[in-house]
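Data block below; observations after.
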Amino acid sequence: MAAVVGVTEEWPALSLNDCMTQLCAPGALHEITEAVIDGVPVRVWKNVPSTFTDLATHARRHDDRVFLVLGEDRITYAAWYRAAAALAAHLTALGLRPGDRVALAMRNLPEWPVAYFAALSIGAIVVPLNAWWSGDELAFALADSGARMLLCDGERHARLTGHPGAMADLEHLLVTRCADVRAEVPRLEDVVGTPAAWASLPDADLPSVPMGPDDPATIFYTSGTTSQPKGALGTHRNALTNIFSSSFATMRAALRRGGAAVPPAPKVVLLTIPFFHVTGCNARLLGSMWNGDTVVLMHRWDVDEALALIEREGVNNAGGVPTIGWQLVEHPSADRFDLSSLESITYGGAPAAPDLVRRIKSRFGASPGCGWGMTETSATVTSHNGEEYLARPDSAGPAVPVAQLRIMDIDGVRACNVGEVGELWVSGPMVVRGYWQRPEATAETFVQGWCRTGDLARLDDDGFLYIVDRAKDIVIRGGENIYSIEVENVLFDHPAVIDCALVPIPHRTLGEEPGAVVSVHEGVIVTEAELQDWVRLRLAGFKVPARIAFYEGPLPRNANGKILKKELVALFAAPARA
């Protein structure tokens with residue numbers, strides 16, 4: 001263990017079981033109890049807020065601490081709460097009622113959490129829409145969810161108005177930051193003012209609407225990389241479970257290194273993940289609100305701006321997806337910035353090369369962190385950080401104590417042995433109720449409280465999860481299964497490669513062949529043959545990519561950080577590069 005960078009011979013000070021016993025003991029913050037959800041007994045955090053309104057009430061107590069930063073806007077928790085309460089009263093006056101769907105489509109703006117909590121507090125089901133979607137895709141989700149109201153920014157409004165009928169079924173609309181002064185639309189600013197004015201709004205409470213932890217609260221749409229997006233119907237408990245899953249992981253890491261089990265102090269967080277993604281909302285925003293963190297927002301990701309923000313705001317935690325981690329550690333001018341405030345760089349949404357874990361520690365002295373989850377699990381199921389991650393850089397970590405993991409054969413009949421690869425099944429209070437108005441898809445994915453994830457994975461003797469691949473992304477070459485992540489990790493280890501993905505290339509006799517798409521460091525020259533030889537020396541011959549395509553810049557990803565492999569397959573229609 002001493003040979004691992006950042007891990008001392010004295011680590012770990014406590015076993016994982018001892019940490020869980022101490023942190024989850026009766027009377028402790030992370031005490032665990034049992035609840036019956038849809039007829040199934042489930043382990044749950046006893047002290048987690050019951051509803052979003054309860055979380056908002058807790059966050060309000062942070063008062064004058066800065067909550068949101070975007071450019072020159074600095075909004076305190078008190079100002080945010082006043083704006084949310086004012087908007088909630090307006091939504092009630094419009095006639096919106098519990099169960100109504102309220103869609104939300106905008107960038108990571110301070111207005112987003114205002115609109116989100118205002119709608120949730122009246123019992124509405126909030127539908128966060130992907131701000132990267134086209135007008136057609138936005139229109140689909142509005143119609144599919146049956147939204148009565150849309151709150152959006154000017155960019156999304158312009159995108160939708162270019163598609164006749166997209167908003168025909170909406171009864172109410174509010175638009176913020178609309179640059180087109182000629183647009184005759186109801187403006188959010190006319191209800192709550194601009195962010196600078198929120199602190200002057202009346203000090204009112206959010207509505208007192210009867211609701212419980214297992215009432216529906218959100219519809220987050222799946223990424224839709226392989227089919228039409230499906231709406232995952234989540235409850236208050238599903239989302240809010242993330243708050244204690246995150247703090248448990250932080251306190252466990254402290255105990256493992258010999259520290260005290262003290263709840264995390266407020267931090268400054270650079271949030272680069274969209275709010276419309278469960279990682280950005282459930283895993284990051286909600287935990288920050290509980291903790292009293294300051295959340296620094298960006299108009300769009302830019303590594304130079306991010307480095308400047310880390311220095312200016314004293315950011316303690318940054319990250320998002322692995323590509324962002326790579327850009328931070330690889331930036332040639334990073335040493336020009338004072339990054340001494342950085343304590344951790346965390347990411348999710350896509351597998352990361354083991355070398356990135358080590359580079360984060362050696363370049364910045366920061367603790368690396370990752371986790372595994374999906375839209376259907378409302379974000380966090382496993383959590384991995386600090387020395388634990390440095391010691392097992394190819395793992396996604398152990399399950400949080402309220403979650404259970406099971407590895408099943410592809411038919412879903414037999415439980416796999418330790419170390420055996422199969423489909424990952426997950427259960428716990430984070431698993432959503434199903435897909436919105438998709439009973440058949442719900443029945444296929446959700447089985448008696450278990451979510452069939454579609455991910456191929458294995459567990460080790462200590463319960464650490466290792467994601468092998470998406471079941472549907474396996475390349476099957478002449479009957480031999482090739483797990484993409486295995487080949488990708490070998491390519492990642494090549495000093496020239498900064499990003500890569502393995503995709504299937506159709507083959508007349510073999511069915512499929514593996515093709516690799518790689519992005520290399522600027523100014524570095526490497527050939528297809530060199531990379532093929534690199535893989536051939538490390539893996540079986542049938543796993544060597546038959547073709548390698550070179551891509552300029554980071555590979556295309558969706559908002560969840562997943563590589564858009566379907567787009568990359570088209571690269572192999574062109575002749576091979578020498």
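At a glance:
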quantity: Hydrodynamic radius by Kirkwood, which averages 1/r over all alpha carbon pairs of the range 113-184, in angstrom; calculated: 12.7
quantity: With every protein chain in place, the range 491-569: carbon and sulfur % of accessible area (1.4 Å); calculated: 55
quantity: Where N is the number of residues in the range 57-137, Cα Rg divided by 2.2 N^0.38 Å; calculated: 1.17
quantity: Top positive-direction residue, dipole computed over the chain with Cβ charges, set ALA84, GLY449, LEU405; calculated: GLY449
quantity: THR527 paired with VAL40, simple spin-label distance in nm, labels 7 Å along Cα-to-beta-carbon; calculated: 5.4
quantity: Hypothetical label at ALA570: residues of the range 123-144 whose amide nitrogen lies under 16 Å (7 Å Cα-Cβ projection); calculated: 134
quantity: Accessible area (Å², 1.4 Å probe, nearest 10) - HIS331; calculated: 20
quantity: For the chain: rounded, prolate or oblate by the Cα gyration tensor [a/c cutoff 1.5]; calculated: rounded
quantity: Percent breakdown of C-alpha pair distances by 10 Å bin, ordered from the shortest bin, for the range 468-538; calculated: 19, 50, 26, 4
quantity: Given charges at beta-carbon only (K, R positive; D, E negative), |dipole| of the range 211-287 in Debye; calculated: 380
quantity: The chain, accessible area per residue, ligands and nucleic acids excluded (1.4 Å, Å²); calculated: 40
quantity: Antiparallel DSSP beta bridges within the range 308-444, percent to nearest 5; calculated: 60
quantity: The chain - percent relative contact order, Cα under 8 Å, separation 6 or more; calculated: 12
quantity: The range 306-426, dipole about Cα centre (Lys/Arg Cβ +1, Asp/Glu Cβ -1), debye to the nearest 20; calculated: 180
quantity: Only Lys, Arg (+1) and Asp, Glu (-1) charged, at Cβ; the range 1-136 dipole about Cα centre in debye; calculated: 500
quantity: SER200 - accessible surface, heavy atoms, 1.4 Å probe, Å² rounded to 10; calculated: 100
quantity: Area accessible to solvent at GLU567, 1.4 Å probe radius, in Å²; calculated: 110
quantity: Structure-based [θ]222 nm, the chain - -39500 (n - 2.57) summed over DSSP H runs of at least 4, per residue, nearest 500; calculated: -8000 deg cm²/dmol
quantity: Ellipsoid equivalent to the range 157-299 - semi-axes via the Cα gyration tensor, in Å; calculated: 34, 22, 17
quantity: Per-selection metrics, the range 352-392 (Cα): Rg and Dmax in Å; calculated: 11.5, 35
quantity: Relative contact order (%) - the range 102-202, alpha-carbon pairs under 8 angstrom, separation at least six; calculated: 26
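The values are calculated or read from the model by the stated rules, or taken from the named source; none is laboratory data. Small disclaimer: the values here were computed from a predicted structure and weren't measured. Neighbour counts are summed over all protein chains in view; Cβ atoms, including those assigned to glycine, are modelled from backbone coordinates with ideal geometry. Only protein heavy atoms, including side chains, enter the accessible area calculation; ligands, DNA and RNA are left aside. Shrake-Rupley method; radii C 1.70, N 1.55, O 1.52, S 1.80 Å.
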